[in-house]
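Worksheet: the structure to be examined is printed underneath.
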Amino acid sequence: MSMVDLDRRLTAIRPSERQVSLQEREFYAFVHFTVNTFTDREWEQAAEGRVIGYKRIVRLNAAETDALRIRITDARTAPTIRFIGVYA
C-alpha cells in the first residue's frame with residue numbers, strides 16, 4: 001500500500017454518531033471502583049481502578065467464584081452502568 005492510499009484511507013475515517021454524541025457531552029465524571037469476587041463466604045478484592053468517561057476494560061486473573069460485585073467507591077455524579085460483560 002502506498003502512502004497516498006494510506007492517507008486516503010485514514011482521512012476517510014469518520015466518527016460514529018455515538019462517538020460524536022459522547023464528545024458533545026458537557027463533562028465526564030471520574031468514577032473510582034473496585035471489583036470483588038465472593039468465594040467460600042468471603043468477598044475479596046480482585047481489582048480496583050477509575051474511569052473517565054464511558055468505558056473501562058478490567059482484566060482479572062482467572063478465578064473460580066460464586067459471585068462478582070462492582071462497587072462504586074467514589075464519584076462526583078451518579079454513575080449509570082449500562083452494560084457489564086464477563087468473559088472467560
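The values are calculated or read from the model by the stated rules, or taken from the named source; none is laboratory data. Here the structure is a predicted model, which means the values were calculated and not measured. Using ideal geometry, Cβ is built from the backbone for each residue, glycine included, and neighbour counts are taken over all protein chains shown.
Report, by residue number, each residue of the range 31-72 that is assigned to a strand (DSSP E or B), loosely packed, with under 10 Cβ neighbours inside 10 Å and free of Cβ contacts under 8 Å to residues at least 12 places away in the same chain.
Start the filter on the range 31-72 by keeping residues that are assigned to a strand (DSSP E or B), which leaves 31-39, 42-52, 67-72.
Applying the additional criterion that residues be loosely packed, with under 10 Cβ neighbours inside 10 Å yields 42, 67.
Answer for the range 31-72, where residues must be assigned to a strand (DSSP E or B), loosely packed, with under 10 Cβ neighbours inside 10 Å and free of Cβ contacts under 8 Å to residues at least 12 places away in the same chain: just E42.
Looking only at the range 6-29, decide whether some residue is among the β-branched types (V, I, T), modelled with pLDDT of 80 or more and either touching a strand residue (DSSP E or B) at 6+ places or on another chain (Cβ under 6 Å) or surrounded by 12 or more Cβ atoms within 10 Å (Cβ to Cβ) (or both).
Checked the range 6-29: no residue is among the β-branched types (V, I, T), modelled with pLDDT of 80 or more and either touching a strand residue (DSSP E or B) at 6+ places or on another chain (Cβ under 6 Å) or surrounded by 12 or more Cβ atoms within 10 Å (Cβ to Cβ) (or both).
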